[in-house]
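Student: I have a structure here, written as structure tokens, and I will follow up with some questions on it.
The values are calculated or read from the model by the stated rules, or taken from the named source; none is laboratory data. As the structure is a computational prediction, the values presented were derived from the model and not from experiment. As a convention, Cβ positions derive from the backbone with ideal geometry for all residues, glycine included, and neighbour counts pool all protein chains shown.
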Amino acid sequence: MRYMKIIFRLIFLLSLTTFSYADKVYDLPGFTQSTQKEWLNSQPLGKKDLLGKVTLVDFWTFDCWNCYRSFPWLHEVENSYKAKGFQIIGIHSPEFDHEKIHSNIKDKIKQFKISNAVMVDNDMAFWRAMKNRYWPSYYIVDKKGQVRANFIGETHKNSSQADKIEALIEALLLE
């Protein structure tokens, strides 16, 4: 039954044409922060830490309602697929000055129960490297470190966007 669900999701995913999928596959740029101060819940990560895993790169900022309303779904996705080779890496890219203060970011990580690695992108260098424009934005990266799709906006369990993202994660985990 589980395989039928995966096959159905794959067929559904392949039948979609939407702006949220990357026009072409491209290598994820290297992370722009390399000090322990700029990485929370983790040692500094590099591209090598993505290899062999499917990764969701989550651009968020703590005053973004759409971002924190998506956290329950993100927690569930992480818990569902972590043992299968999936990880989430958060990129905290602030919109306002008070969102650049490390103690504020740490407090919000604790409040929102975020356990995944978070890179603090206060200079917006990774934001620019990704040509990102929105909070929240989700980039799905395959086991080779290539961006395969991006999605924009608040996402909840069983929404059409969540279904698309989860189907893609499942497909990439099988590759």
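Student: Can you pull out every residue in segment 33-80 that is acidic (Asp, Glu), over 18 Å from residue 107 (Cβ atoms) and either free of Cβ contacts under 8 Å to residues at least 40 places away in the same chain or out of contact with any Ser or Thr (no Cβ under 8 Å at 6 or more places or on another chain) (or both)?
Tutor: Correct list: 49, 76, 78.
Student: Still on this structure, please answer the following. I need a count of the residues in segment 42-67 that are farther than 22 Å from residue 166 by Cβ and buried (at least 20 other Cβ atoms within 10 Å of the Cβ).
Tutor: 2
Student: Can I ask one more? Return yes or no: is residue 56 part of a helix (DSSP H, G or I) and in contact with a strand residue (DSSP E or B) (Cβ under 6 Å, 6 or more places away or on another chain)?
Tutor: For residue 56, the condition - part of a helix (DSSP H, G or I) and in contact with a strand residue (DSSP E or B) (Cβ under 6 Å, 6 or more places away or on another chain) - is not met.
Student: While we're here: Sort out which residues of segment 130-144 are surrounded by fewer than 19 Cβ atoms within 10 Å (Cβ to Cβ), more than 19 Å from residue 63 (Cβ to Cβ) and in contact (Cβ under 8 Å) with a residue 40 or more places away in the chain, and write them in order of number.
Tutor: The answer is 143, 144.
Student: Okay, moving on. In segment 68-91, how many residues are under 13 Å from residue 135 (Cβ atoms) and buried (at least 22 other Cβ atoms within 10 Å of the Cβ)?
Tutor: The number of residues fulfilling the criteria is 3.
Student: Going residue by residue through segment 104-122, is there one that turns out to be over 17 Å from the mean Cα position of the chain (by Cα), free of Cβ contacts under 8 Å to residues at least 60 places away in the same chain and surrounded by 14 or more Cβ atoms within 10 Å (Cβ to Cβ)?
Tutor: Yes.
Student: One residue is enough: does segment 64-71 have a residue meeting the conditions modelled with pLDDT of 95 or more, out of contact with any strand residue (DSSP E or B) (no Cβ under 6 Å at 6 or more places or on another chain) and closer than 19 Å to residue 168 by Cβ?
Tutor: Yes, there is a match, as at least one residue in segment 64-71 is modelled with pLDDT of 95 or more, out of contact with any strand residue (DSSP E or B) (no Cβ under 6 Å at 6 or more places or on another chain) and closer than 19 Å to residue 168 by Cβ.
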